Amino acid sequence: MNMSDYIFAYPKFFWLFGVIAVAIAWYIWRQKRLNPHMQIASVEGLKGVRTVRPVLRHFLFLLRMAAFAFIIIVLARPQSSNKWESVTTEGIDIMMALDISGSMLAQDFKPDRIEAAKQISIQFISGRPNDRIGLVIFSGESFTQCPLTTNHAALINLFNSVHSGMIEDGTAIGLGLANSVNRIKDSDAHSKIIILLTDGVNNRGSIDPMTAAEIAKTFGIRVYTIGVGTRGMAPYPVRTAFGIQYQNMPTDIDEELLIRISEMTDGRYFRATDNNALVKVYEEIDQLEKSKISVQEHHKKSEEYLRFAIAAALLLLLEMLLRYTVLRNLP
């Protein structure tokens with residue numbers, strides 16, 4: 001790394017290089033006084049007399065000055081600033097409300113609606129490392145599978161463990177939304193959103209979906225609603241005397257309700273008819289919310305004084321070793 005790659009916390013210490021310049025000037029003046037010129041008629045008798053020891057005493061002075069120069073650099077506190085780090089100043093809190101009713105086993109998505117929703121949601125989570133994200137599941141009832149967290153690995157594990165039949169069947173959209181609101185309402189995040197995914201019509205629960213939407217609006221929570229299911233007929237699982245069989249049945253999504261919820265809370269409604277469409281829905285939500293997050297870039301500074309301190313110590317040690325061993329008899 002070049003010196004141009006460093007920044008210095010205390011650059012005023014570089015004025016001490018003036019002390020080095022004064023010391024060098026004083027040393028040169030002192031050497032001239034201690035070693036006056038002597039005129040001789042001939043140097044014939046001095047031929048063959050060669051030694052580097054007198055020159056080495058100047059080397060001792062140079063070692064000490066170099067060590068002092070490194071000490072000045074240490075005092076100036078060098079730092080590297082060639083690394084950058086993205087820091088989220090005001091994050092987004094996201095509660096994901098996932099319908100796990102029996103109809104989510106319909107196979108118009110591959111392998112079925114619930115598994116497609118899980119895997120695409122996990123991709124969405126993996127792309128937002130700075131946000132706190134949680135998970136609420138609902139069918140005939142609702143409960144929190146994972147509270148808001150930045151531990152996305154744990155959240156993904158909990159997502160993978162979700163399956164239809166965990167709780168009583170039905171579609172309690174109002175309960176799922178209300179539970180999500182309750183989990184996120186006290187957040188002090190810059191932006192609070194709920195992503196509610198369902199494939200049905202509200203038919204269970206003690207809380208009306210629009211009442212839950214009004215509460216979300218009161219707390220400044222945007223709700224993005226997603227209706228999943230093909231338009232027309234879809235293969236739904238039906239319990240028969242011969243076990244679970246799939247029969248083509250009309251897709252029944254209360255799109256009007258989902259649109260009203262999203263409009264009331266300043267969110268948006270999306271319809272996903274297959275896996276690719278659901279991927280695009282999450283990508284669009286991802287872009288919409290990234291435009292609302294406040295992010296700043298700043299230098300990640302690393303202290304770099306240690307290498308200069310080591311260099312100064314080694315130079316001083318070398319100077320002492322030479323002075324008291326090889327060059328100890330020099331005047």
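Using beta carbons and a limit of 6 Å, which pairs, at least six apart or on different chains, have the first residue in region 119-134 and of a type in the set (Phe, Trp, Tyr) and the second one outside any loop (DSSP other than H, G, I, E, B) and surrounded by 21 or more Cβ atoms within 10 Å (Cβ to Cβ)? The qualifying pairs are PHE124/TYR282.
Among all residues of region 242-253, there is none that is touching a helix residue (DSSP H, G or I) at 6+ places or on another chain (Cβ under 6 Å) and touching a residue at least 24 places away in the same chain (Cβ under 8 Å). Here region 253-305 is the region considered, the condition is being of a type in the set (Lys, Arg) and part of a loop (DSSP other than H, G, I, E, B), and the residue that is modelled with the lowest pLDDT is LYS292.
The values are calculated or read from the model by the stated rules, or taken from the named source; none is laboratory data. Source: prediction; values computed, not measured. Cβ sites come from the backbone with ideal geometry, for glycine too, and all protein chains shown count toward neighbours.
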